[in-house]
Amino acid sequence: MPGLEVLEKLDRRWLFLIMGLLVLEPLMFPLALPLTVTRPVQGFVDAIDKVPDGSTVLMSCDYDPSGIPEMVPMTRTAFRHLLGKNCKVVITVLWPGGPGLVDSVLSEVAREFPDKKYGVDWVNLGYKSGNEAVMVVMGQGIANAFPRDYRGLDSRSLPVMREVRDYASFPLLVNISSGYPGTKEWVQQVQARFHLPMVAGVTAVSAPEYYPYLQSGQIRGLLGGMAGAAEYEKARGEKGSATRGMDAQSLGHLFVAFCILLGNLIRRRPAEARS
Amino acid sequence: MSLHLSHDFGIWIGAVLTLFIFSFLYKDNPFYKIAEHLFVGVSAGYYIILYWWTVIVPNLIEPLWKQLAHRDLWTGQPLLQARPGLFAAELGDYRGWLVIPGILGLLLFSRLFGKIGWLSRWSLAMIIGVYAGIKTTGFAQGDFVAQLQASLQPLWKAGDPAFTINSVIFTVGLISSLLFFFFSREHKGTLGVFSRLGVFFLMAGFGAGYGYTVMSRISLLIGRFQFLLDNWLGLR
């Protein structure tokens, strides 16, 4: 077929252009494709709902700007969810590129709650290098690992930290992570050792790695990538950037599937037809 | 739909650099190179400042200063509650030990001076030893034992056919996938059948992994487009 010969020699930049247009179009003109809340996401919502109102929750945001489209919607909704339950939130960051980004996202959400004060209802302890070593040190005292918060304040002097000693002070760990160090390390070093219940929001590329933890009950809920973030937004009745991105996501996936089928069709033609 | 262009200089820099990076999709060009080199340079500077102010100062210099000078590092006010000196073990204060990681950290820089470069191996040995220990115990507790326990589930549950089917598929998939990686015997006969079955389960796993990877990559593109449309152009 002459059409297939043309496709075989097609400049791949045409594929980039088509993919770009397919992603761009629904962002400008939404299709409102249906979305359902899956069990791993419902588990995440339920775990936070079960935390007693007013308790102090540990939230570790382990990502940097490359994770913005997937991680930031999860962070926003989870932080809003916790503040809405009057929980106090202690935030840590184990990725060097993350603390400024995380601080701006949290501050933006905190502005929606005028009665919530920094240092009283939430604190961003910022970044600390050491990966798993930091997690282990936190087990001996959160303030030992983070003597000062991201804004340079003495963390021991902050009201939100007065009743926080170690992992036993928290009923739940909410981990939003892009990779290493992240969910795997929190499970290995903290959930397994200190038996701290945890939920995780992870990038789609790493999500398959964490389903065994969900099946074993080591994590109570899992948000996988932008789809997980969009489902979480739906479960909370929000319409954030993840929900808005899901139409583009669906069209992009359809195009990739179409390209795979077409590529196989072209490559699997008889040798004489290809020559 | 109308345009509301951003008045934020930072947003404009971000948008222009995004377009510079996108230009690589057409072909390599000087605009892409500018963005790439700028990223490397800014990242290096950012990391140095970040590590200094969020790790070295609060976790090493400040506690040591308090112990040695018995004064607050920032205000210069004398500290009343603690005893001066490097150690106050009876007060539960072991900050003096921080001298050791401080010295080990400095030894890493000995690589810059040829003849004494070997000193950095002490620090590296410490780092490798500590991390090997932490990783091993973490893996044993969090993965090996916990996952083994979770894999030992009943194959049959009265009145719950969905659970039974799921358990059987899970167990057959687990065993056949493990047998695929058993290389001490040729994959023939029963072992061959099970290892071939294991390939199907592995392929299903790879397929799910590929689908999730595509989702992650498209998410990155969506994120940049959302930034350009919402934050930069202000399309509403």
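Residue pairs whose Cβ atoms lie under 6 Å apart, separated by 6 or more positions or on different chains, with the first residue in the stretch A:152-170 and of a type in the set (V, I, T) and the second at pLDDT below 95 and buried (at least 20 other Cβ atoms within 10 Å of the Cβ), are A:V164/A:I142. Checking each residue in the stretch A:231-250 for being closer than 12 Å to B:S219 by Cα and either facing another protein chain (nearest Cβ under 10 Å) or small (G, A, S) (or both) picks out A:S241, A:A242, A:R244, A:G245, A:M246, A:D247, A:A248, A:Q249, A:S250. Total residues in the stretch A:40-66 satisfying the condition of being closer than 30 Å to A:L254 by Cα and either in contact with a Leu (Cβ under 9 Å, 6 or more places away or on another chain) or part of a loop (DSSP other than H, G, I, E, B) (or both): the figure is 8.
So which pairs qualify, if the first residue must be in the stretch B:21-37 and touching a residue at least 60 places away in the same chain (Cβ under 8 Å), the second must be part of a helix (DSSP H, G or I), the Cβ gap must be under 9 Å, and the two must be at least 6 apart or on different chains? Pairs that qualify, where the first residue is touching a residue at least 60 places away in the same chain (Cβ under 8 Å) and the partner is part of a helix (DSSP H, G or I), are B:F22/A:G20; B:F22/B:Y32; B:F22/B:R224.
Out of A:V37, A:V72, one residue alone is at pLDDT 95 or above and more than 14 Å from chain B (Cβ to nearest Cβ). It is A:V37.
Residue by residue, here is whether (1) assigned to a helix (DSSP H, G or I); (2) at pLDDT 95 or above; (3) more than 30 Å from the chain's Cα centre (by Cα); (4) surrounded by fewer than 16 Cβ atoms within 10 Å (Cβ to Cβ) holds:
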| residue | (1), (2), (3), (4) |
| --- | --- |
| B:W156 | no, no, yes, yes |
| B:F163 | yes, no, yes, yes |
| B:F182 | no, no, yes, yes |
| B:R185 | no, no, yes, yes |
| B:A208 | yes, no, no, yes |
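Got a sec? Which helices (runs of 4 or more DSSP H) wholly within the stretch A:86-182 have at least 1 residues that are at pLDDT below 95 and within 17 Å of the chain's Cα centre (by Cα)?
Working: elements: A:99-110, A:132-138, A:142-145.
Ranges flagged: A:99-110.
May I ask you to list the residues in the stretch A:228-243 that are touching an Asp or Glu at 6+ places or on another chain (Cβ under 9 Å) and either within 17 Å of B:A208 (Cβ to Cβ) or part of a loop (DSSP other than H, G, I, E, B) (or both)? Show your work before the answer.
Kept after step one, since they are touching an Asp or Glu at 6+ places or on another chain (Cβ under 9 Å), are these residues of the stretch A:228-243: A:228-229, A:232, A:239-243.
Selection gives A:G228, A:K239, A:G240.
I'd like to know if the stretch B:223-232 contains one or more residues that are among the aromatic types (F, W, Y), in contact (Cβ under 8 Å) with a residue 24 or more places away in the chain and on the phi < 0 side of the Ramachandran plot. Yes, there is a match, as at least one residue in the stretch B:223-232 is among the aromatic types (F, W, Y), in contact (Cβ under 8 Å) with a residue 24 or more places away in the chain and on the phi < 0 side of the Ramachandran plot. Checked against the criterion of being in a loop (DSSP other than H, G, I, E, B), surrounded by 14 or more Cβ atoms within 10 Å (Cβ to Cβ) and not assigned by TED's automatic domain parsing to the domain that holds B:I218, the candidates B:S23, B:S6, B:S2 yield just one match: B:S6.
Could we say that A:A192 is surrounded by fewer than 19 Cβ atoms within 10 Å (Cβ to Cβ) and under 23 Å from the mean Cα position of the chain (by Cα) here? If you could, list the steps in order and put the result at the bottom.
Details: surrounded by fewer than 19 Cβ atoms within 10 Å (Cβ to Cβ): no; under 23 Å from the mean Cα position of the chain (by Cα): yes.
Taking the combined requirement at face value, the residue does not satisfy it.
Quick check on my filter: what residues within the stretch A:84-125 are more than 17 Å from A:V160 (Cα to Cα) and hydroxyl-bearing (S, T, Y)? Of everything in the stretch A:84-125, just one residue is more than 17 Å from A:V160 (Cα to Cα) and hydroxyl-bearing (S, T, Y), namely A:S104. Of all residues in the stretch B:21-41, those satisfying the criterion of being among the hydrophobic types (A, V, I, L, M, F, W, C) and within 11 Å of chain A (Cβ to nearest Cβ) are B:F22, B:F24, B:L25, B:F39. Scanning the stretch A:204-251 for residues that are in contact with a strand residue (DSSP E or B) (Cβ under 6 Å, 6 or more places away or on another chain) and among the β-branched types (V, I, T) yields one hit, A:I219.
Tell me, please, whether a residue that is in contact (Cβ under 8 Å) with a residue 24 or more places away in the chain, part of a helix (DSSP H, G or I) and farther than 30 Å from A:Q249 by Cα can be found in the stretch B:132-141. Within the stretch B:132-141, not a single residue is in contact (Cβ under 8 Å) with a residue 24 or more places away in the chain, part of a helix (DSSP H, G or I) and farther than 30 Å from A:Q249 by Cα. Residue pairs whose Cβ atoms lie under 6 Å apart, separated by 6 or more positions or on different chains, with the first residue in the stretch A:132-150 and more than 9 Å from chain B (Cβ to nearest Cβ) and the second outside any helix (DSSP H, G or I) and basic (K, R), are A:V134/A:K128.
The values are calculated or read from the model by the stated rules, or taken from the named source; none is laboratory data. These numbers were taken from a predicted model, which means no experiment stands behind them. Every residue, glycine as well, gets a Cβ built from its backbone with ideal geometry; the counts of neighbours run over all protein chains shown.
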